Every structure is written in C-alpha cells, then in structure tokens.
Amino acid sequence: MTSKQVWNNARLATLAGDQPWGWVEQGALVTEGEHIVWVGEASQLPAGLEVEAEHDLQGAVVTPGLIDCHTHLVYGGQRAREFELRLHGASYEEIARSGGGIRSSVSSTRAASEEHLFAMALLRAESLKAEGVTTLEIKSGYGLSLEDEAKCLRVARRLGEEADVSVLKTYLGAHAVPPEFQGRQGDYVEAVCAWMPELKRQGLVDAVDAFCEGIGFTPAETRRVFETARGLGLNVKLHAEQLSDQGGTQLACEFAALSCDHLEHLSPAGIAAMKASGTVAVLLPGAYYFLRDTMLPPVAALREAGVPMAVSTDHNPGTSPTLSLLLMLNMACTLFRLTPEEALRGVTVNAAKALGLADRGQLRAGLRADFCVWAVDHPNELSYYFGRNPLLRRVRGGIESP
Ligand code: DI6
Ligand code: FE
C-alpha cells in the first residue's frame, strides 16, 4: 500500500526556480505522508504511479501554505480603550510611558488562566488558518515573569500540538519592564537571561527576540540577551528600528539574527549589515497602519540590496490587532509598494527563512506538503482583494483540513 496522493489539474505558484512565481500552468503535485515527493507539469507525471487518492483541482491556483512569521498571539484582554485614547490625541509612546500599553496586557495576561489563554489564542489561530496559514510563530512577552512566560509559551506549544498548525515559539522576555522591576531595568534584563536556560530546558523556546527601542531595551541590554541566547545555542531575532533608529539591526546581525522586524527607521548601515549576515527583513504593515505611522521602511533599498523580505501580521493587542494575513499582503503592496509576487514570497519562502525553516515555504519535492488551493485565476489576486477570502482548500502535512 502506498500513501501517495496526486493533486492534479493545478496551476502552481511554486515560488521555486527562476520563473516568475515559479509558475507551472498545467501542474500536478504528488504527496506521500507529510511530504511533497514530486512537483511539475502534469504531462510529466511519472508513469505507473500508484496512488491512494487522486484530487482534481480543476485548474485552481495552488501556493505553498502561508506562514505568519511574527505574532504575539497569546495574551489576555484587549486594548480597544487605548485605540480610543490615541484617536483623542495620545501617542503610543505616551500611553506606554504612563503605564498602559504592553504593561496593561501584562496585567490581563497574568490574571488569565492557562486554559482561558489557550481558548482565546485558539480562536485567533482559527482566523489565521481560515486564510491558509499552516505555520505560525508565537512570541511570549506578556507574562514577564518566569512563571507567566512559561505559561504563555506552553499555550503556544499546545496550539502546535492540537490546532492543526505548526507553531514556532519565541521567547520575548525583553518586551517591557514589569512593575515589580520598575526603575531596575538592568536587573530585569539579568532576570530575562537567568530564566532562559530553564525555559529552554522545558522545550519552550525555539528562538529569542527583544524589543530594542527608546521605550524598550537599549542595544547594550539587547546584546546581553543575545549573548545568553547564543550561549545556549538559540537563534535570535529583533524588533528593530520601529519607532527610532537605535542601531539594533547592526547589533542583531553581529549575532547572525534570523530576522529583524519592523524596520521603519532602518539606516543604510543597517541594510548593509543585513545583507552581509543574510538576515530577513520582516515587514509589518498592520502596525504601520494601525499606529498611523508616516515613516516607511526602506523597501526600495532593501530590494536593491537583495535582502529577503517577509510580511507578517504582527498580531498583538496594542499595535496590530489584525487576524488577516491576506490583508497584510494587500497592505504590503498598497502601503509599502511591494509587488504582489514579493508579498506572496514574504508569507511563504521568506517567512520560512525568517524562522530558520528549510523544510517549507515552496512547492518542491522533499519539502512538507503544506499548501493552499485558491479560487483565483492568478496569484496576484491574493494581494489585490482586501476583505475577501478565496481559500478553497488547506493541506498541512499532506492532510486536508476538514
Ligand atoms: N512591537 C510591537 O509592535 C508590539 N511589540 C513590539 O515590541 C506591540 C506590543 C503591544 O503594544 O502590546
Ligand atoms: Fe511585534
């Protein structure tokens, strides 16, 4: 008995090879178990293939499964009241400095049970999955104590085990200074580092992130966190140059960061550092939009330098409460001037790279059988519509979602 399946009569955006979109007009895929074992022109399908099932996709467009590579999906409460305050003129920084912002989500997250956090995060994950997300990164950073960071990372891990989505867990202890460390930021950074081996030992950390910013952590404090992470063999990534240019990108690239994220204030020196270290630029148009930012990330210069660009929701309660990665494709084009092909690469092949994953993000033999079937004529429509979901079928690890 074979567990092979053929997915035939497909128009493939493989995002592999040199063709625009990695396009195959009359294509087919063969999967076996969790993996793709063959991709190509349907006319070239190996003769005498024995398959368990054959799926006729009726000419629909197939892309790799979408990857949301930067989210803060696990938290208690919401911050609609701060949205109102900002509409009355308060700035995000003012709200943060007066004890609201991230710290308000920290109180609600600490107060919430693990079960409740799981239920809320599951609802959010279902929205992302409904648009074709098959892999999701989730950061901690609303617990800010060993116990509460572990609680949030366990919720993330459980989603990966139970919710039919692959989850990568990122430790973002250096997100904000919790009240019990008020005025002792250096001590808090030491605590964040001290908790890291234990969280890693419990299998709760795939990578380490920090918020390097005027209202966050300094480059020197970020360095301390990254030295600890690298000492434990963990990869790093950074919230860098979102509200100001702190030079965090150059620092992160010294540590061969997988990605630097936001980057509205990125300098030419930062771009050069990213190019040299092969670091992915993760663009987050939802946060730019929701904060009504006016400083655009230097997309033309990143493109010119050949720095890979990813796109993500940055789903979080303060600056990007969106649960639509497809809307981010549209915004990456309208606001940041990515091409629709760059935007799609940003939520597939480059998003995989931003997570250090070499086993997904394209339709290629040997990779995971994570893919989406869409009711569109061309993949550029995925960036063109906003507020429409053309997903027909979602397959993860060779298994179609119900
Ligand atoms: N940058 C962001 O956009 C989020 N965290 C960060 O470091 C915002 C988090 C929040 O406001 O709750
Ligand atoms: Fe973020």
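The values are calculated or read from the model by the stated rules, or taken from the named source; none is laboratory data. Predicted model only: the values in this text are computed from it and were never measured. Virtual Cβ from ideal backbone geometry, glycine too; neighbours counted across all protein chains shown. Accessible surface areas use protein heavy atoms only, side chains included; no ligands, DNA or RNA. Shrake-Rupley method; radii C 1.70, N 1.55, O 1.52, S 1.80 Å.
Can you give the local net charge around G366? Use residues other than it whose beta-carbon is closer than 14 angstrom to its beta-carbon, Lys and Arg +1, Asp and Glu -1. Could you put the intermediate results ahead of the total?
Working: positive: R360, R364, R368; negative: E32, E34, D359, D370.
Result for the local shell: -1.
Tell me the carbon and sulfur percent of the accessible area for region 234-387, rounded to whole percent, probe radius 1.4 Å. Walk me through the numbers before you get to the answer.
Details: 2790 of 5020 Å².
Within region 234-387, the accessible surface is 56 percent carbon and sulfur.
Rolling a 1.4 Å probe over the heavy atoms of the protein chains gives the chain an accessible area of 38 Å² per residue. What's the FRET efficiency of S145 with R292 using the Cβ-Cβ distance as r and R₀ = 41 Å, to the nearest 0.05? Efficiency at R0 = 41 Å is approximately 0.80. For a distance above 16 Å, tell me the whole-number percent of Cα pairs in region 150-233 that qualify. Summing the P(r) tail past 16 Å for region 150-233 gives 52 percent.
Among residues other than N8 whose Cβ falls under 12 Å from its Cβ, what is the net charge (Lys/Arg +1, Asp/Glu -1)?
Details: positive: R11; negative: E41, E54, D56.
Counting the neighbours of N8, the net charge comes to -2.
What ratio of Cα Rg to 2.2 N^0.38 Å holds for region 74-184?
Numbers: Rg = 14.9 Å, N = 111, 2.2 N^0.38 = 13.2 Å.
After normalising by residue count via 2.2 N^0.38 Å, the value is 1.13.
Cα centroids of region 264-304 and region 171-197: 27 Å apart.
Translational diffusion coefficient of region 214-324 (Stokes-Einstein, Kirkwood radius from Cα pairs, 4 °C, 1.567 mPa s): 92 µm²/s. Report the net charge of residues surrounding E114, where surrounding means a beta-carbon distance below 12 angstrom and charges are Lys +1, Arg +1, Asp -1, Glu -1. For residues surrounding E114, the net value is +2. Helical runs (DSSP H, four residues minimum) scored at -39500 (n - 2.57) apiece and divided by the length of the chain put the mean residue ellipticity at 222 nm at -10500 deg cm²/dmol.
Each residue of region 122-128 is assigned a 3J(HN,Hα), and the resulting list reads 4, 4, 5, 4, 5, 4, 5 Hz, derived from the Karplus form 6.51 cos²θ - 1.76 cosθ + 1.60 (θ = phi - 60°), x at Gly and Pro. Shown in residue order for region 170-177 are the 3J(HN,Hα) couplings computed by the Karplus curve 6.51 cos²θ - 1.76 cosθ + 1.60 at θ = phi - 60°: 10, 8, 10, x, 7, 9, 7, 8 Hz (x for Gly and Pro).
For the chain, what relative contact order do you get, as a whole percent, if you take Cα pairs closer than 8 Å and at least 6 residues apart?
Values: 932 pairs, mean separation 76.2, N = 402.
Worked out over the chain, it gives 19 percent.
Simple rule: put +1 on each Lys or Arg Cβ and -1 on each Asp or Glu Cβ in the chain, find the dipole, and look at H88, F336, Q5; the Cα lying farthest toward the positive end is H88. The label point for A47 and the one for R337, both projected 7 Å from the Cα toward the Cβ, are 5.4 nm apart.
May I ask which of K169/K237; K129/K353; K200/K237; K151/K200 have a Cα-Cα span longer than 18 Å here? Write out the running numbers ahead of the final one.
Working: K169/K237 12 Å; K129/K353 20 Å; K200/K237 16 Å; K151/K200 13 Å.
Long pairs (Cα-Cα over 18 Å): K129/K353.
Label sites at A256 and H378, each approximated as a point 7 angstrom past Cα along Cα to Cβ, lie 4.1 nm apart.
A straight chain from H35 to A269 at 0.36 nm per residue would run longer than the Cα-Cα distance by 80.2 nm. So if we plug the beta-carbon distance of L85 and E161 into 1/(1 + (r/R0)^6) with R0 = 45 Å, what FRET efficiency do we get, rounded to 0.05? The formula returns an efficiency of 0.75 here. Principal-axis analysis of the Cα atoms of the chain puts helix 219-231 at an angle of about 50° to the longest axis. Summarising the label geometry, the points placed 7 Å from Cα in the beta-carbon direction at A305 and D18 lie 2.7 nm from one another.
Across all C-alpha atoms in region 1-75, the radius of gyration and Dmax reach 14.6, 52 Å.
Shape descriptor for region 66-354: Rg over Rh equals 0.93 (Cα atoms; Rh from the Kirkwood inverse mean 1/r). Quotient of the Cα radius of gyration of region 283-336 and 2.2 N^0.38 Å, N being its number of residues: 1.11. The simple Förster model, with R0 at 22 Å and r as the Cβ-Cβ distance, assigns E198 and E227 a FRET efficiency of 0.80. Note that region 233-386, at 4 °C in a medium of 1.567 mPa s, gets a Stokes-Einstein diffusion coefficient of 82 µm²/s from its Kirkwood radius over C-alpha pairs.
Relative intensity of region 32-123 on a log10 scale, I(q)/I(0) at q = 0.12, 0.17 Å⁻¹, equals -0.66, -0.87, per a Debye sum over C-alpha point scatterers of equal strength in the absence of solvent.
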